[in-house]
Structures are given as C-alpha cells and as structure tokens.
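Following: one structure in structure tokens, then a few remarks.
The values are calculated or read from the model by the stated rules, or taken from the named source; none is laboratory data. The shown structure was predicted, so the numbers you read here are calculated from the model rather than taken from an experiment. Reconstructed Cβ throughout: ideal geometry from the backbone, glycine too, with neighbour counts over all protein chains shown. Quick note on the areas: whole protein, heavy atoms, side chains included, nothing else; ligands and nucleic acids left out. Shrake-Rupley method; radii C 1.70, N 1.55, O 1.52, S 1.80 Å.
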Amino acid sequence: MKQLYSKEVIAEHVKAIGQQINCDYQNEEILLIVVLKGSMLFAADLCRELNCPVTIDFIRVSSYGDSTVSSGNVVFKVPLDTDIKGKNVIIVEDIIDTGNTLRALYHHLEEKQPASLKICTLIDKKKRRKVEIEADYAGIVMDDGFIIGYGLDLGERYRNLDAIYLLDPNNLPTEGDA
Ligand code: PRP
C-alpha cells in the first residue's frame, strides 16, 4: 500500500476547484448533483468551499459493483428526484476513469433540459478514457492504478480513509490507518 495523496493535498485541490466554481458562477445559483457513493466526502468538502447559492441532490450510479474493473454497464440505483429544468447543474464525481459512468449520466441529465450542465471531478484518469467525456473542473490528474480512500472503495470498504492510497492487493490498509 502506498499513500498517493495526503488529506492536505486533497484539501488543496478541493479548495482550488471551489475557487474556480465561485469565480465562474459568481452569485448565480447552482445545483450540485452528487454521484453516490464515492463522491460523498469530496462533495461534503467542496460544497463548504462555495460561496454562491447552492442546492444539493444525490443520484446513485454504479458500474463497478465489487469489482476493480468497470463492467461498462451503468446502473441507476437511486434516481434523481429534483426537477433540474432551467437550473445550473454541476455533476460532482470522485473519479472519472473509463468515462462510461459520466457519459451515461451526462446524457441522462441533458435530456432534462438544465440551463447548463458541467462536470466536476476530484480525480481524472485521462489516459484511461474509453469514451469521449471531459471534466470542466478537475483536481488531481493521474495515470493508472486502482485507488481507495476519501470515498473510493474496494468492495465497499476503505471509503472512510482520509487520504488516497494506491491499492496493493497483497497489503490492504485498515481503517486505523486513517
Ligand atoms: C466509480 C466512481 C465513478 C465511476 C468512474 O463508481 O464513483 O462514478 O466509478 O468510473 P468510470 O469512469 O470507469 O465509469 P462505482 O461504480 O465504483 O460506484 P461507487 O461510487 O458507489 O463506489
């Protein structure tokens, strides 16, 4: 196991993304759509960096299940219950990898006619993209490697770690490492 990004480094990236959003939207109202479950910690920290009027809703989408490999089959497990028509929407993701999840979600939301639709991600694995989708706001850009912590899981564990670790299947971290 190797720590890739400390909680201090993560906080710097979250702050920088928040500043960009504040700058772009000024006093316009925005709706954050938080993609569960992985984005929960990122969204909780990001929304406290924002100084424009903010509302928040959640959607749950999954394509990995308990696997470390994307099935490519995006399942909407908890649908959105907010009417987003005419609103400035920002999708909040923890990570974009193949892009399958975001592409499906983006098209799903686009059909609901928001005034604007942007993508925000803490981690962008640009080189692993299998479909064309780009983040409007991205924090950490990294290459390959399965990562856990700060919302990211392996079989639903390790989301509560406050740093991000590169997974070594032979040496898994414990929650006590947080
Ligand atoms: C993760 C992550 C993104 C998606 C990115 O979700 O939160 O939504 O995978 O991968 P992709 O770009 O290859 O589609 P996951 O399906 O693991 O669900 P979770 O957030 O509940 O852990």
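Of 61, 34, which residue is in contact with a Phe, Trp or Tyr (Cβ under 9 Å, 6 or more places away or on another chain), at pLDDT 95 or above and under 29 Å from residue 155 (Cα atoms)?
After ruling out the rest, the residue left standing is 34.
Has the stretch 50-66 got at least one residue that is within 24 Å of residue 128 (Cα to Cα), within 16 Å of the ligand (Cβ to nearest atom) and open to solvent by 60 Å² or more (accessible area, probe 1.4 Å)? Yes, because at least one residue in the stretch 50-66 is within 24 Å of residue 128 (Cα to Cα), within 16 Å of the ligand (Cβ to nearest atom) and open to solvent by 60 Å² or more (accessible area, probe 1.4 Å).
The residue pairs whose first member lies in the stretch 89-104 and is free of Cβ contacts under 8 Å to residues at least 40 places away in the same chain, whose second member is in a loop (DSSP other than H, G, I, E, B) and within 6 Å of the ligand (Cβ to nearest atom), and whose beta carbons are closer than 7 Å, counting only pairs six or more residues apart or on different chains, are 97/70; 98/70; 100/63; 100/70. Checking each residue in the stretch 125-147 for being within 10 Å of the ligand (Cβ to nearest atom) and either part of a loop (DSSP other than H, G, I, E, B) or closer than 18 Å to residue 10 by Cα (or both) picks out 125, 129, 130, 131, 133.
Taking the criterion of being open to solvent by 20 Å² or more (accessible area, probe 1.4 Å) and not basic (Lys, Arg), the residues of the stretch 113-130 that qualify are 113, 114, 115, 116, 117. Taking the conditions (1) of a type outside the set (Lys, Arg); (2) open to solvent by 60 Å² or more (accessible area, probe 1.4 Å); (3) in contact with a strand residue (DSSP E or B) (Cβ under 6 Å, 6 or more places away or on another chain) in turn, residue 19 satisfies each one other than (3).
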